[in-house]
1. Helix-derived [θ] at 222 nm for the chain: sum -39500 (n - 2.57) over DSSP H runs of at least 4, divide by residue count, nearest 500?
2. Out of residues 5 or more away from Gly81 or on other chains, whose amide H comes under 5 Å of its own, with H placed 1.01 Å from N in the peptide plane?
3. Would you mind computing, in nm to one decimal, how far apart the modelled labels at Ala58 and Ser45 are, each placed 7 Å from Cα along Cα→Cβ?
4. For the range 121-167, what class follows from the C-alpha gyration tensor (a ≥ b ≥ c being the square roots of its eigenvalues): rounded when a/c is under 1.5, otherwise prolate if a/b is larger than b/c, else oblate?
5. Between rounded, prolate and oblate, where does the range 60-201 land on the alpha carbon gyration tensor, with a ≥ b ≥ c its root eigenvalues, rounded for a/c under 1.5, else prolate if a/b exceeds b/c?
6. On C-alpha positions alone, give me the angle between the axis of helix 2-29 and the longest principal axis of the chain, in degrees, nearest 10.
7. Set Lys and Arg Cβ to +1 and Asp and Glu Cβ to -1, take the dipole of the range 57-196 about its Cα centre, and tell me which of Gly190, Leu168, Leu137 lies farthest positive.
8. Once amide H atoms are placed 1.01 Å from N in the peptide plane, what residues at a sequence separation of 5 or more from Asp69, or on another chain, have their amide H within under 5 Å of its amide H?
Amino acid sequence: MTRMNKRSKLLVSMLVVGVLGSIAGLGIFGAFSATTTNAGNEVRSGNVLLSDNDAGSALYFLPNAKPGDTVTRCIKVTYTGSLNANVRLYTPDNSLGPLAQYVDLIITQGTQSSSTFPNCSGFTPSAGGGVLYTGTLANFSTTRTNYATGIDTNPVSPAIGWNTNDTLVYQYQVTLNASAPATVEAQTTGTHAFTWEAVNN
């Protein structure tokens, strides 16, 4: 009898512990609760995009120039980036041939109602004349070699810069100087490029 009582007491004790554990468990999951969520968070970077209408063709080519010969050509540059940017013009080619010192270069920025590369028909200089550079090609190639030394060229001002869908047309007047000496006969400037670089502000 005593043994049965001990066994009964042990079973009862275990049963009580089990019931208390269940109650405790129910207490955890039965507590009052509330949540609120702010979803859809994201960080997305903007972009800087610049293009021109040259379709891969050179702006000018004078293969058999004589002193006094000149050409006028235009190119349109368009900004489609989402970030405001400043644009500067330079050439990465700073080792031109001997003829470059006798090639006069005038670069003017402006607008054009209908721009067909490299035609300049209807070109209108920006307010104040729009002239960005006047000098020799040789000088341009040695002084305007990267973004840091490039010429600021913006629709309004460097402080405001370019916005999405802004455009500018650049008129290039290229002349073999009338005083070019006979020593540069059959010489060349070498091929060279002009680069417009946009940097967000």
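The values are calculated or read from the model by the stated rules, or taken from the named source; none is laboratory data. Model, not experiment: these values are computed from the prediction. Cβ atoms come from the backbone with ideal geometry, glycine included; neighbour counts cover every protein chain shown. Side chains included, ligands, DNA and RNA excluded: accessible areas come from the protein's heavy atoms. Shrake-Rupley method; radii C 1.70, N 1.55, O 1.52, S 1.80 Å.
1. -6000 deg cm²/dmol
2. Those qualifying (amide H under 5 Å, at least 5 residues apart or on another chain) are Leu49, Asn165.
3. 3.6
4. Judged from the Cα gyration tensor, the range 121-167 comes out oblate (a/c at least 1.5, b/c at or above a/b).
5. prolate
6. 30
7. Looking along the dipole axis, the top candidate is Leu168.
8. Residues meeting the amide H criterion: Leu176.
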